[in-house]
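These notes concern the structure reproduced below.
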Amino acid sequence: MEVEAIFAALPARANEDPALVRAGRHMHGEFLIEVGERAFHLPVTAGRVGAVVTGPLRLRSWSFAIRGAESVWREFWSALPAPGFQDIFAMSRYGHARIEGDLGPLLTHLRYVKGLLALTGRIAREGGR
Amino acid sequence: MSARFEPIRGGYVHLDIAGVAHRVYYEEAGAGIPLLCLHTAGAHSSQWRHLMCDPRVTDHFRVVAFDLPWHGKSAPPPGWQDQEYRLTGDGYVAAIVAVWNALGLDRPVVIGCSMGGRVVVRLALDHGPALRGVIGLEGSDRPSPWYDGSWLDRPEFARGDFCAALVSGLVAPQSPDVHRWETLWHYHQSGSDVFKGDMHFYRTDSEYSERSHQIDTSRCPVVLMTGEYDYSCTPEDTRATAARIPGAEAIVMEGLGHFPMSENPERFASYLLPVLERLRATDSRASLRSTGATRGRPDGG
């Protein structure tokens, strides 16, 4: 599945999952996922993801960014990621990905953000619906 | 579904830890060589429940696990409300030795995970002759932090759901969901700031790599077992530790993460049972050679 399609499918899939919405209910903010050179801007309001904006981005605000090569994200999205690719912190520790910017909102809403990223993996594996 | 009872028995013991009266909760099952189990930071003794229900273990070992003060059902000492909880190396060892003595564990094998896998290195150094061996799960002889120390001062560390989310990726992808989420629930349950307090030991007060080569593994075998998905104590951290301790063994466990005993009990058993078997065999040979010259009282050395 194309990376753009994964992120395009994310808002509807995330917002129809009551447990995920509840995990993010206190989050109001925006962050970036970068897959290689491509940036995806995710706005979140009260645990619901708005329309994902695909880069290039010009002067758009965001608090934190998680950046990795497409091959890294593909491994993260696989059904059985290799050791070091199963979690954003594993990818950070081993230098596969970079987590940058204001990490405060990431830590405050960590379960939700990790849940969103896990969902991108499920979407990638299912190839959409 | 009909009621089903586990063989685990629980109890409370009143004892002094470093001169302060505590009431400590412990659980046990089985009979034989004492196997004292140490839980991870911010968690409690329930992590060991599968081991206590495995007759392949309990037929030969008296498996004992306790909740460190401030954890699980072991309350903090009176006056806790005016203290900041901070686990030190000395305090951790004092608590372990107090329970070891109070329960009359004769030359136990000590198995600990994560910070428990760290402290067993110090136990082998300081009390090796009074032990039958140590097993460090996700263990190493020095801190190896994977996130910035400033995170500890953020208010999130007082929240159980944050602590669980922080460690969630340390569970291997293969681990069954029911065990994954029970393992994470232990972090949801933690008292506020307790996980943070344990990090004082794990991140700053447990540097043993300068001394670990002094461990006499002929008297106290050291086995270090680490899951391949552990990025807190990495397989490389464990191998490097074993390389510094002459005679120590390092085992990297495939398809396991940072919580092997609770995240995937069956897979973990396939690695642990041969180790326990070897420790039993070593112990029988040692008993034949010396007729109990060293009694298992930690204070006696």
Please label the shape of segment B:9-285 as rounded, prolate or oblate, based on the square roots a ≥ b ≥ c of the eigenvalues of the alpha-carbon gyration tensor (a/c under 1.5 means rounded; beyond that, a/b larger than b/c means prolate, else oblate). rounded
Protection proxy ranking, peptides B:219-232, B:167-180, average beta carbon neighbours within 10 Å, highest first: B:219-232, B:167-180
Is the shape of segment A:3-126 rounded, prolate or oblate, going by the alpha carbon gyration tensor and its root eigenvalues a ≥ b ≥ c, with a/c under 1.5 for rounded and a/b larger than b/c for prolate? rounded
Any idea what the dipole of chain B comes to, in debye rounded to 20, about its Cα centre with Lys/Arg Cβ at +1 and Asp/Glu Cβ at -1? 940 debye
For chain B, modelled as a GNM with alpha-carbon contacts under 10 angstrom, which of B:ASP82, B:ASP106, B:ASP90 fluctuates the most? B:ASP82
Place the peptides A:53-59, B:11-17, B:257-263, A:19-25 in order of packing, highest mean first, counting for every residue the other Cβ atoms within 10 Å and averaging per peptide. B:257-263, A:19-25, B:11-17, A:53-59
For A:79-88, mean number of other protein chain Cβ atoms within 10 Å: 5
Which residues' amide hydrogens lie under 5 Å from the amide hydrogen of A:VAL49, considering only partners 5 or more residues apart or on another chain, with H built in the peptide plane? A:ASN15
Take peptide A:109-118, look around each residue's Cβ out to 10 angstrom, count Cβ atoms belonging to other protein chains, and average those counts. 3
Magnitude of the Cβ-charge dipole of the protein assembly as shown, K/R +1 and D/E -1, about the Cα centre, nearest 20 debye? 460 debye
For segment A:3-126, what is the charge dipole size about the Cα centre, in debye to the nearest 20, if Lys and Arg each add +1 at the Cβ and Asp and Glu each add -1 at the Cβ? 220 debye
Which one of B:GLN81, B:GLN189, B:GLN214 has the biggest mean-square fluctuation once chain B is modelled by GNM with Cα springs under 10 Å? B:GLN81
From other protein chains only, count the Cβ atoms within 10 Å of every residue's Cβ in A:89-99, then give the mean. 3
Segment A:3-126 - percent relative contact order, Cα under 8 Å, separation 6 or more: 27 percent
Per DSSP H run of at least 4 residues, take -39500 (n - 2.57); add these up for chain B, divide by its residues and hand me the 222 nm value, nearest 500 deg cm²/dmol. -10000 deg cm²/dmol
Part-to-part distance (alpha-carbon centres) for segment B:198-277 and segment A:67-125, which is given in Å: 26 Å
Indicate the gyration tensor shape class of segment A:1-59 (rounded, prolate or oblate), computed on the Cα atoms with a ≥ b ≥ c the square roots of the eigenvalues: a/c under 1.5 is rounded; otherwise a/b larger than b/c is prolate and the rest oblate. oblate
Only bridges whose two residues both fall in segment B:9-285 count here: according to DSSP, what percent of them are antiparallel, nearest 5? 35 percent
Per the charge dipole of chain B (beta-carbon charges, Lys/Arg positive, Asp/Glu negative, Cα centre), the residue among B:THR183, B:TYR12, B:VAL194 reaching farthest to the positive end is B:TYR12
Mean separation of Cα pairs under 8 Å and 6+ residues apart, divided by the residue count of segment B:47-127: what relative contact order is that in percent? 15 percent
Tell me which of A:ALA19, A:GLY115, A:PHE85 sits at the most positive position along the dipole axis of chain A, charges placed on C-beta atoms (Lys, Arg +1; Asp, Glu -1). A:ALA19
How far apart, in nm, are two points set 7 Å out from the Cα along the Cα-to-Cβ line at B:ALA3 and at B:ALA18? 4.2 nm
In deg cm²/dmol, rounded to the nearest 500, the helical mean residue ellipticity at 222 nm of chain A, built from -39500 (n - 2.57) for every DSSP H run of length 4 or more, is -12000 deg cm²/dmol
Residue (of B:LEU125, B:LEU35, B:ILE215) at the positive-pole extreme of the protein assembly as shown, dipole from beta-carbon charges: B:LEU35
Report ³J(HN,Hα) in whole Hz for each residue of segment B:230-240, in order, from the Karplus equation J = 6.51 cos²θ - 1.76 cosθ + 1.60 where θ = phi - 60°; Gly and Pro get x. 7, 10, 8, 10, 6, x, 5, 4, 5, 4, 5
Sequence-distant residues sharing a close amide H with B:GLY133 (under 5 Å, placed H): B:VAL110
Percent relative contact order of segment B:1-151, based on C-alpha pairs within less than 8 angstrom and at least six residues apart? 23 percent
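Rule-based calculations on the coordinates, nothing more; no lab input. Here the structure is a predicted model, which is why all the values come from computation and not from measurement. Quick reminder, even Gly has a Cβ in these numbers, built from the backbone with ideal geometry, and neighbours come from all protein chains shown.
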